[in-house]
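Single-structure report; data block below.
The values are calculated or read from the model by the stated rules, or taken from the named source; none is laboratory data. Since the model is a prediction, treat every value here as computed from it, not as a measurement. In this analysis, Cβ positions are derived from the backbone assuming ideal geometry, glycine residues included, and neighbour counts consider all displayed protein chains.
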Amino acid sequence: MRIAVCIKQILDPRAVRLSRSREAIDPRQAARIVNPPDRYALEAALRLRERHGGEVIALSVGARDVSDALREALAMGADRAILLSDEMLAGADASGVARALARAVEHIGDVSLVLTGERALDTGGGTLPARLAQELGWPVVTDASEPQLEDSILRAFQRDEKQRWSVSVALPAVLAVTRQREKPRYPPALRIAWAYREAEVETWDCDDLGLSPEEISARHTEERNLVMPPERNLGFILSGSPEEAARSLVAELRGKRLI
């Protein structure tokens, strides 16, 4: 079985800062990491390969430096890594990215399953699985965990706050993997060294995929400037005795029409 896993490289949300003077995101202190939900998708793919055999292929879209994320996927155990990198893709919206990934899946050939993370932590978006499924003409299962293969049927679990239930889908299919009990593995040091020194990250452009500018141009989104909200007032300290502070607080709340 051949499994493709969509990997996204993002800025570490824990280290991203906002520059009010420039009204822009300041990424200087932020490292670039693999989107954490995508690591769960890759772990699920590797476990399926261990049980049933086959091949795991990591796919990503972006500039050349995104190859670091793909090398991390290779270090974790992926068999191949493919980067879709083209100037035309730099301005693609979510639909264009999904179309490029779908065309790559078709170009690889004989892919039975595409796994993605549940969402991207940099944008909060979670539309890629549905968009991919639409482009491929395949069924999609979202918020899935613990995928298992039985013949040509993929079974997984979905859950809410109170219960868990099983879902099944015929392959080929797209599966959005949610956080699960089996945490992503840590690659051994020798595998990391191999991934960065010797492993190959294949690079495909739009010509390789047979994509025209019209097929990946942004048609449903419009870029606008980032507008910073007013800086929040974090509060103030009331001085005086408890009785005086209480009177001042009541006066302040009445002045703001909160009581």
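One table, with the values for the structure above:
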quantity	calculated
Matching strands (runs of 3 or more DSSP E) fully within the range 28-122 where at least 2 residues are of a type in the set (A, V, I, L, M) and closer than 26 Å to P213 by Cβ	55-61, 80-84, 111-117
Of all residues in the range 83-97 being within 11 Å of S60 (Cα to Cα) and within 16 Å of the chain's Cα centre (by Cα), the one that is surrounded by the fewest Cβ atoms within 10 Å (Cβ to Cβ)	V97
Within the range 140-224, helices (runs of 4 or more DSSP H) holding 1 or more residues that are touching a residue at least 24 places away in the same chain (Cβ under 8 Å), of a type in the set (F, W, Y) and closer than 30 Å to A92 by Cβ	189-197
Every residue from the range 213-231 that is within 30 Å of A102 (Cβ to Cβ), exposed (fewer than 11 other Cβ atoms within 10 Å of the Cβ) and at pLDDT 70 or above	E214
Yes/no for L238 being at pLDDT below 90, in a helix (DSSP H, G or I) and of a type in the set (A, V, I, L, M, F, W, C)	no
Complete set of residues in the range 12-35 that are polar (S, T, N, Q), under 24 Å from D68 (Cβ atoms) and either surrounded by fewer than 14 Cβ atoms within 10 Å (Cβ to Cβ) or modelled with pLDDT under 70 (or both)	Q29
Residue in the range 37-49 that is farther than 23 Å from R179 by Cα and of a type in the set (D, E, K, R) present	no
Residue satisfying condition, being modelled with pLDDT of 95 or more, of a type in the set (D, E, K, R) and under 17 Å from the mean Cα position of the chain (by Cα), within set E72, E55	E72
Selection count, the range 75-92, where residues are out of contact with any helix residue (DSSP H, G or I) (no Cβ under 7 Å at 6 or more places or on another chain) and at pLDDT below 95	3
